[in-house]
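Scroll down for the structure; my scribbles are underneath it.
The values are calculated or read from the model by the stated rules, or taken from the named source; none is laboratory data. Quick caveat, the model's predicted, so the values are computed rather than measured. In this analysis, Cβ positions are derived from the backbone assuming ideal geometry, glycine residues included, and neighbour counts consider all displayed protein chains.
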């Protein structure tokens, strides 16, 4: 790719300012109060794709938030790359833990990011990484170096389970036809250690409700005589793991993929400091399933975690009540071969079965998705590896991620193409947390690397 670094250098401030404007819009898909902001963000993305060189751009309506579609077809006989990303973001709560307002982006220099990092909700997940592809397209079209066809599908519901995307994909298979799907919504090992994500965990997300008496009760008059839903719920949750942190739901591990000793040994070659890991999280010990390393626990093993729990009185001061109801939100990260719908049903059956007398239990499934593994012997992976080699000067390490992008398995099922996960984020970017940020270096390195993927994929497809 000729002159890519000089193009980035000449447009550096504009590229940053455009991303900052995008990050200012609070596109929180989980909260209906932000509906207009989510729709405004879709318009921003559509306009950006037009300016970047797409010949066709549409804001496609769905039952939920729209999907922004764009394309530039230069020759039907050439390969087509479908770029997927999302423009919605997680809620920023708790706001008091942010050092700067989540939708007022600022660039701060840190020890890890001497060039600066952009602090804002969505900076890494996924606006910053999605926007790299828009700017990479701009470079390729403005310098007449786009080597193949490109399509964009940018959705606004990823953070709430991609509710409308499945229908959209199934109804638009010809529009979305492609030779490979490219996503930047993952990370790499370090700024100087590139990696390609080759596996994702699946997800099952549920909400549970435990109901006891028909109203809140005085804890002095009724305490010890009726079941306390909060006490019961915490006991039920605690029973979901045994003393080895093994999940106790019957059948939960039946289809879990067991990696060979050789594969685990290859994984262990990735640079990792347990002491630095603990220091970054301000913890004195790690925790998890017996018999597995930290990196294995958060990538190739399934998990069950409580994401929120509430009930009773939580305001200032004291109110001595036994709550009528208690609630929790629970996520299960799944590995390939675990079917998320089956796991959801196993959870529901088990959780209802362990409820003691005196309470009733309701389990409400929210959303989920399958796990995914990308083989490293296909030309998409090889093209990505060559791209990283050119811009980082070293071969990227294949690694499995603990995160979930449920729609990746859907893409392969419906569109019959492989997905390549070229992420440029870092574990320290605090996605989904207060003070989310994205390194300026990482942002521009992505813009530099992505065009090389197009180049090598086109060459390898001949």
Original post:
With (1) part of a strand (DSSP E or B); (2) over 13 Å from the mean Cα position of the chain (by Cα); (3) buried (at least 21 other Cβ atoms within 10 Å of the Cβ) as the list, and residue 176 as the residue in question, which single condition is left unmet?
Top reply: (1)
Subject >> Selected residue (only one of 4, 59, 8 is closer than 29 Å to residue 170 by Cα and touching a residue at least 12 places away in the same chain (Cβ under 8 Å)) >> reply: 59
Original post:
Does residue 269 meet the test of being in contact with a strand residue (DSSP E or B) (Cβ under 8 Å, 6 or more places away or on another chain) and more than 20 Å from residue 350 (Cα to Cα)?
Top reply: yes
**OP:** Output the residue which, of all residues in the stretch 89-107 that are under 30 Å from residue 384 (Cα atoms) and touching a strand residue (DSSP E or B) at 6+ places or on another chain (Cβ under 7 Å), is surrounded by the most Cβ atoms within 10 Å (Cβ to Cβ).
**Re:** 89
Subject >> Index of the failed condition, residue 380 passing every other in (1) modelled with pLDDT of 95 or more; (2) within 20 Å of residue 453 (Cα to Cα); (3) out of contact with any helix residue (DSSP H, G or I) (no Cβ under 9 Å at 6 or more places or on another chain) >> reply: (3)
**OP:** Can you tell me which residue among 110, 141 is under 15 Å from residue 48 (Cα atoms), in the same structural domain as residue 193 (by TED's automatic domain parsing) and either in contact with a strand residue (DSSP E or B) (Cβ under 8 Å, 6 or more places away or on another chain) or at pLDDT below 95 (or both)?
**Re:** 141
Subject >> Residue selected from the stretch 351-372 under the condition at pLDDT 95 or above, outside any strand (DSSP E or B) and buried (at least 19 other Cβ atoms within 10 Å of the Cβ), by the criterion nearest to the chain's Cα centre (by Cα) >> reply: 351
Original post:
Looking at 132, 153, which is the one that is modelled with pLDDT of 95 or more and assigned to a strand (DSSP E or B)?
Top reply: 153
**OP:** Quickly run through the stretch 407-455 and pick out the residues that are closer than 24 Å to residue 369 by Cα and out of contact with any strand residue (DSSP E or B) (no Cβ under 8 Å at 6 or more places or on another chain).
**Re:** 413, 414, 416, 432, 433
Subject >> Residue in the stretch 340-350 that is surrounded by the most Cβ atoms within 10 Å (Cβ to Cβ), counting only those that are out of contact with any strand residue (DSSP E or B) (no Cβ under 6 Å at 6 or more places or on another chain) and closer than 17 Å to residue 201 by Cα >> reply: 342
**OP:** Working only within the stretch 396-412, note down all residues that are farther than 22 Å from residue 296 by Cα and either touching a helix residue (DSSP H, G or I) at 6+ places or on another chain (Cβ under 9 Å) or modelled with pLDDT under 90 (or both).
**Re:** 407, 410, 411
Original post:
Taking the stretch 183-222 only, how many residues are over 30 Å from residue 150 (Cα atoms) and out of contact with any strand residue (DSSP E or B) (no Cβ under 8 Å at 6 or more places or on another chain)?
Top reply: 4
Original post:
Which one of the conditions (1) out of contact with any helix residue (DSSP H, G or I) (no Cβ under 7 Å at 6 or more places or on another chain); (2) in a helix (DSSP H, G or I) does residue 114 fail to meet, given that it meets all the rest?
Top reply: (2)
